[in-house]
1. To the nearest whole percent, what portion of all C-alpha pairs in the chain is separated by more than 24 angstrom?
2. I want to check the label-to-label distance for residue 125 and residue 21. Put each point 7 Å from Cα in the C-beta direction and report it in nm to one decimal.
3. In nanometres, what is the gap between the two model label sites at residue 9 and residue 59, each 7 Å from Cα along Cα-to-Cβ?
4. Please list, in order along the stretch 55-66, the HN-Hα scalar couplings obtained from phi with the Karplus expression 6.51 cos²θ - 1.76 cosθ + 1.60 (θ = phi - 60°), rounded to whole Hz, x for Gly and Pro.
5. Compute the Cα gyration tensor for the stretch 62-103, then decide on rounded, prolate or oblate, letting a ≥ b ≥ c be the square roots of its eigenvalues: rounded whenever a/c is under 1.5, prolate when a/b is larger than b/c in the other cases, and oblate in all that remain.
6. Per residue of the stretch 126-140, what does 6.51 cos²θ - 1.76 cosθ + 1.60 with θ = phi - 60° give for ³J(HN,Hα)? Whole Hz please, x for Gly and Pro, Karplus curve as stated.
7. Count the net charge of all other residues whose Cβ sits under 12 Å from the Cβ of residue 10, scoring Lys and Arg as +1 and Asp and Glu as -1.
8. Specify the inter-centroid distance of the stretch 1-45 and the stretch 79-144, based on alpha-carbon positions, in whole Å.
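The values are calculated or read from the model by the stated rules, or taken from the named source; none is laboratory data. Everything numeric in this text was worked out from a predicted model, so none of it was measured. Counting neighbours? That spans all protein chains shown, and the Cβs are built from the backbone with ideal geometry, glycine included. Heads up: the accessible areas ignore ligands, DNA and RNA and are worked out on the full protein's heavy atoms, side chains in. Shrake-Rupley method; radii C 1.70, N 1.55, O 1.52, S 1.80 Å.
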Amino acid sequence: MGRLDRAWTEVHRAADAPVLTPSDVSGLSPTVLFGARAVLHPAVRLFWFDWTAPSIWRANRPGSDPDRPVMWDAAPEGLLLVRPQDAVTHHALSEPQWRFLDACRRGAPLGRAAAMLRLDHPTLDLSRLFAALLGLGVFTRLET
């Protein structure tokens, strides 16, 4: 849990940067969008665990429901910490969301990140996944 607490502090203190919005990408052609690299906001940290560490950590954050039971389990979970505006927020990440963001973090163009997901998740709605991530404020810009 110490890694997550430290990451929260890093996100809290990270540099401010603009947030990429849906309107910023809405006019781009598919060719441009698929070839672009989405740069993660400096106030983003991603995690993937082989157990329920994110759920346990989130259950102990201010504002959590103290009556909600949380159990240690050997179930994989992802976690996103982000501060697109003034406050650090935390969000559970699905495996496809985490893989997509990890590919972006490693510099893969959006088309390649999407194609990698499509192999294991052929029915995944990639537009919805990307829109949801944009809504969380995880990207600062596109590099074309």
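1. Values: 3416 of 10296 pairs.
Result: 33 percent of Cα pairs exceed 24 Å.
2. Label at residue 125, label at residue 21, 2.3 nm between them.
3. Result for the modelled spin labels: 2.5 nm.
4. The phi angles translate into 5, 5, 4, 5, 5, 9, 8, x, x, 6, 7, x Hz.
5. Values: a/c = 3.83, a/b = 1.12, b/c = 3.43.
Here the stretch 62-103 falls in the oblate category.
6. 5, 4, 5, 4, 5, 4, 5, 5, 4, x, 7, x, 7, 10, 9
7. Numbers: positive: 3, 6, 13, 45, 83; negative: 5.
Around residue 10, the charge tally is +4.
8. 9
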